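Peer 1: A single structure is presented below for examination.
Every read-out reported here was derived from the displayed coordinates using simple, explicitly stated rules and does not represent laboratory data. Values in this document were obtained by computation on a predicted structure and should not be read as measured data. All Cβ positions, even for glycine, are placed from backbone atoms using ideal geometry, and neighbour counts span all protein chains on display.
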Amino acid sequence: MSKPTLGIIGGGQLGSMLSIAAKKLEIKTVIFCDNLDAPAQKFSDHFIHGSYDDIKKINEFLNKTDVITYEFENIPYQTLNTINKSKPVLPKPSVNRIVQHRLAEKDFINKLNIRTTMYSSVEDKSEINSMQDLLPGLLKTTTLGYDGKGQHLIDSIEDLNKLDIDFSKGYILEKLVKLKKEISVIITRFSDKKYEVYEPIENVHEDQILKFSSIPAEISNKILEQSKTWAIQIAEELKYVGTLCVEFFIDRNENLYVNEIAPRVHNSGHLTINAYNVSQFENHVRSVCKLEQIPLKKISNAKMTNIIGDQINVYRNRQFTQNEFFFDYLKKQIKSKRKMGHLTTLIN
């Protein structure tokens with residue numbers, strides 16, 4: 001039986017690593033991206049450049065692929081839905097529609113009786129006057145935004161008055177958690193009650209960008225089991241196919257909260273490439289292409305460091321030990337706050 005050709009929407013570092021994982025499995029990949037310089041084209045078998053609403057390019061993409069996935073969630077729902085009518089899109093477009101809207105995402109999680117921070121929809125600046133119980137809080141756009149973009153810390157109404165915010169975009173106000181720690185759980189779901197769950201990963205952010213991820217996370221057994229249970233529950237409820245990341249907060253009283261769901265492979269899971277027998281990327285390809293499910297085995301403890309902006313120049317010119325694995329994303333432009341690569345260090 002011939003293997004399917006995998007279409008990947010988006011051509012950044014996640015698309016690159018999906019393509020590398022697919023090649024290992026002898027799966028051909030086609031990248032469709034609106035960025036002419038997308039680095040993933042260096043690792044895929046075919047590259048299509050075009051706008052995500054360009055029907056001609058969409059049809060070209062469909063003609064070259066058998067099954068479609070994506071590396072980021074801010075793809076127009078209409079594009080995914082159009083493609084899904086001709087070829088299967090996994091995870092399915094309805095998942096993306098929920099997760100790319102912060103209010104819908106929080107409502108979905110709460111309906112599962114899973115804890116999130118307190119929150120409220122904000123459609124007008126004056127509404128925040130009656131939301132004092134949510135301050136201090138984070139005011140976020142309901143759509144788009146990542147790595148801290150589209151977010152404003154509000155300690156008081158006075159802070160709000162200093163900001164020039166266009167409320168026509170739609171916002172959500174989330175009460176700040178008295179944060180002790182952040183963790184994430186990566187899960188790959190193949191079908192009903194068939195999944196592989198990676199152990200919780202401890203994350204450290206700097207300037208609202210992930211800087212370090214490590215396993216094992218220094219957490220209690222109770223938090224470990226609860227985070228994995230909630231991740232499984234979310235994946236099952238969504239009838240998800242592919243790799244999913246659930247990001248969590250732990251407060252100073254050891255309460256666990258779901259922060260966000262990422263319907264894709266995730267930055268915090270990069271260390272799985274070297275720390276496990278099957279990476280999050282390979283598992284994603286295996287699940288969406290209906291390949292064999294292989295039980296996970298942890299090879300080593302590990303720490304992943306994101307390389308941001310011009311830090312990449314230092315790493316490109318240094319030597320590495322046998323326990324260090326450097327990944328250069330080969331992005332054409334170096335920008336501040338841009339993820340340019342990562343280093344995974346295995347720790348015995």
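Peer 1: Under a point-charge model restricted to the Cβ atoms of Lys and Arg (+1) and Asp and Glu (-1), what is the dipole moment magnitude of the chain relative to its Cα centre, in debye to the nearest 20?
Peer 2: On the way: 47 positive and 43 negative charges, 222 e Å.
Roughly 1060 debye for the chain.
Peer 1: Out of every Cα pair in the chain, what percent are spaced more than 28 Å from each other?
Peer 2: 44
Peer 1: Let me ask something else. Which residues' amide hydrogens lie under 5 Å from the amide hydrogen of residue 67, considering only partners 5 or more residues apart or on another chain, with H built in the peptide plane?
Peer 2: For residue 67, whose amide H was placed from the backbone, the distant partners under 5 Å are 5, 7.
Peer 1: What pairs in 92/290; 211/337; 106/335 have C-alpha atoms more than 22 Å from each other?
Peer 2: Working: 92/290 15 Å; 211/337 11 Å; 106/335 32 Å.
Beyond 22 Å between Cα atoms: 106/335.
Peer 1: Right, next: Could you list 33, 289 in order of exposure, starting from the residue whose Cβ has the fewest other Cβ atoms within 10 Å? Please report the intermediate quantities before stating the final value.
Peer 2: Values: 33 23, 289 18.
Lowest count first: 289, 33.
Peer 1: Report the full-extension gain for the segment residue 78 to residue 332: residue separation times 0.36 nm, less the Cα-Cα distance, to one decimal in nm.
Peer 2: Working: separation 254, 0.36 × 254 = 91.44 nm, distance 2.98 nm.
Result: 88.5 nm gained on full extension.
Peer 1: Sort largest first and round to whole Å: the equivalent ellipsoid semi-axes of the stretch 68-204, each the square root of five times a Cα gyration tensor eigenvalue.
Peer 2: Largest first, the stretch 68-204 gives 31, 20, 13 Å.
Peer 1: While we're on this one: Give 64/169; 125/339; 140/297; 140/239 a once-over and call out the pairs whose C-alpha atoms are over 30 Å from each other. Don't jump to the answer; show the numbers that get you there.
Peer 2: Details: 64/169 36 Å; 125/339 33 Å; 140/297 38 Å; 140/239 27 Å.
Pairs exceeding the cut-off: 64/169; 125/339; 140/297.
Peer 1: For a protection proxy built on the mean count of beta-carbon atoms within 10 angstrom, sort 121-134, 86-99 highest first, please. Write out the running numbers ahead of the final one.
Peer 2: Numbers: 121-134: 13.6, 86-99: 19.3.
Highest mean packing first, the order is 86-99, 121-134.
Peer 1: So, one more: Against the empirical 2.2 N^0.38 Å scaling, what ratio does the C-alpha Rg of the stretch 179-347 come to? The partial results should precede the final answer.
Peer 2: On the way: Rg = 16.1 Å, N = 169, 2.2 N^0.38 = 15.5 Å.
Dividing the Cα radius of gyration by 2.2 N^0.38 Å gives 1.04.
Peer 1: Using the structure shown, list the pairs from 175/298; 298/332; 28/85 with a Cα-Cα distance above 26 Å, or answer none. Numbers along the way, then the final one.
Peer 2: On the way: 175/298 36 Å; 298/332 34 Å; 28/85 22 Å.
Flagged as over cut-off: 175/298; 298/332.
Peer 1: Using unit Cβ charges (K, R positive; D, E negative) and no other charged atoms, how large, in debye to the nearest 20, is the dipole of the stretch 1-156 about its Cα centre? Display every interim value, and only then the final one.
Peer 2: Details: 19 positive and 18 negative charges, 134 e Å.
Approximately 640 debye in magnitude.
Peer 1: Can you give me the long-range amide H partners of residue 28? Hydrogens built in the peptide plane at 1.01 Å from N, cutoff under 5 Å, separation of 5 or more residues or another chain.
Peer 2: Under 5 Å from the amide H of residue 28 lie the amide H atoms of 6, each far enough along the sequence or on another chain.
Peer 1: May I pose another question? Can you work out the Karplus-derived ³J(HN,Hα) for every residue in the stretch 323-333? Use 6.51 cos²θ - 1.76 cosθ + 1.60 with θ = phi - 60°, whole Hz, and x for glycine or proline.
Peer 2: 3J(HN,Hα) across the stretch 323-333, in whole Hz: 9, 10, 10, 9, 10, 9, 6, 6, 6, 5, 10.
Peer 1: Please arrange 318, 115 by counting, for each residue, the other beta carbons lying within 10 Å of its beta carbon, fewest first. Each step should come with its number before you reach the end.
Peer 2: Numbers: 318 10, 115 15.
Listing 318, 115 from fewest to most nearby Cβ atoms yields 318, 115.
Peer 1: Can I ask one more? Show that you can apply the helix-only estimate: for the chain, add -39,500 (n - 2.57) for every DSSP H stretch of four or more residues, divide by all residues, and state [θ] at 222 nm to the nearest 500. Could the numbers behind the result be given before it?
Peer 2: Values: 10 runs with 87 residues, N = 348.
Theoretical 222 nm ellipticity from helices: -7000 deg cm²/dmol.
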